1. Measure off, as a whole percent, the carbon and sulfur share of the 1.4 Å-probe accessible area of the chain, all protein chains present.
2. Could you work out the pair-distance distribution P(r) of the chain from its alpha-carbon pairs, with 5 angstrom bin width and percents rounded to whole numbers?
3. What number, in percent, do you get for the relative contact order of region 1-43 if the mean sequence gap of Cα pairs under 8 Å and at least 6 apart is divided by its residue count?
4. Under a 1.4 Å probe, what is the accessible area of the chain per residue, stated in Å²?
5. Ranked from highest to lowest mean number of other Cβ atoms within 10 Å per residue, what is the order of the peptides 16-25, 43-52?
6. Taking the highest mean first, how do the peptides 83-90, 64-71 order by number of other beta carbon atoms within 10 angstrom per residue?
7. Got the relative contact order for the chain handy, in percent, Cα pairs under 8 Å and 6 or more residues apart?
8. From the helices alone, meaning DSSP H stretches of at least four residues, give me the mean residue ellipticity at 222 nm for the chain, per-run term -39500 (n - 2.57), in deg cm²/dmol to the nearest 500.
Amino acid sequence: MGQQIDGNSVVSWSEQAVATDVNDEIVLMNMDRNRCYGLGTTGSDIWRKLASPVRVSDVISQLKNEYEAPEGSVETGVLNTLIQLHSEGLIQIHDRA
């Protein structure tokens, strides 16, 4: 999992991740690692956008339209969340087109 995630990366859910919606927030399970993860509201919004391969910059643009946040905070939050999800085997990075 040495791939880097940046705005040009294309990401989606990993086959190892099992997700369910509990009170409008996503709860994830990585079956290979036998670990459970709870995402807050923003993390859940990010997760829902990854159902099919999507460019990270598109996710950032969508969330900028949905959230009022200081300049740069959406980018930082999305990248940090995706890096964390990838390190836990919950998302995959696709080859760039």
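1. 46
2. 2, 14, 26, 25, 20, 10, 3, 0
3. 26 percent.
4. 60
5. Top of the packing list down: 43-52, 16-25.
6. Top to bottom by mean Cβ count within 10 Å: 83-90, 64-71.
7. Relative contact order, the chain: 42 percent.
8. So the helix-based figure for the chain works out to -10500 deg cm²/dmol.
The values are calculated or read from the model by the stated rules, or taken from the named source; none is laboratory data. Note that this is a predicted model, so its numbers are computed, not measured. Using ideal geometry, Cβ is built from the backbone for each residue, glycine included, and neighbour counts are taken over all protein chains shown. Calculation scope for accessible area: heavy atoms of the full protein, side chains included, ligands and nucleic acids excluded. Shrake-Rupley method; radii C 1.70, N 1.55, O 1.52, S 1.80 Å.
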